[in-house]
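What follows is one structure encoded as structure tokens, with my remarks underneath.
The values are calculated or read from the model by the stated rules, or taken from the named source; none is laboratory data. None of the values given here were measured: they were computed from a predicted structure. Neighbour counts are summed over all protein chains in view; Cβ atoms, including those assigned to glycine, are modelled from backbone coordinates with ideal geometry.
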């Protein structure tokens, strides 16, 4: 989906984006109007329409900014963490725990857009591309550390991790007694266990084969 978004002065863009986030978080996309965003930002609706032709264009700009900020933060965390596979995979879980606990508006907006994507093909296509990028980041780490990993696990572990993360958001906002640190520690152990079980089985099979040949 292409967006012919005009360049905004930094201060004006910040005002519009901040106001949009606040209104969408409070009223959801279905209850948000350009007039309400303009009122929140202290500007005229025409100021917004000068930069964004449609409300959807503004919403997608907001979502793009949120996801770009999350990706940039994750990139920095990956560059600073240890090189071992548990360290790398743990970054995804640690970031999600922090976002859930401290940036509730980001999580709420993503789910609201996900719902909109069920009926809007453009938003659906954007979300699909974004999630595939998320999964590819995980897959690249697996390929780097475990190039011989079972192709089925290589394909599905990224899906499983994303499900674990998004599921945590849903459950936490229904019942915030969920201990995010323990939950994601368990998630990491489950993923590492799924990876190590086939590897251990292959090694055991190899040892059994060698013993039989010696006999």
Can you tell me which residue in region 40-53 is surrounded by the fewest Cβ atoms within 10 Å (Cβ to Cβ), limited to those that are over 30 Å from the mean Cα position of the chain (by Cα) and part of a helix (DSSP H, G or I)?
46
Leading residue by the ranking (farthest from residue 27 (Cα to Cα)) among those in region 72-84 that are under 13 Å from the mean Cα position of the chain (by Cα) and loosely packed, with under 14 Cβ neighbours inside 10 Å:
75
Residue check, residue 156 against (1) closer than 30 Å to residue 19 by Cα; (2) in a helix (DSSP H, G or I), all met but one. Which one?
(1)
Within region 23-39, which residues are over 20 Å from the mean Cα position of the chain (by Cα) and crowded, with 16+ Cβ neighbours inside 10 Å?
23, 32, 34, 36, 37, 38
Residue 140 passes all but one of the listed conditions (1) buried (at least 18 other Cβ atoms within 10 Å of the Cβ); (2) within 23 Å of residue 68 (Cβ to Cβ); (3) modelled with pLDDT of 95 or more; the exception is number (1)
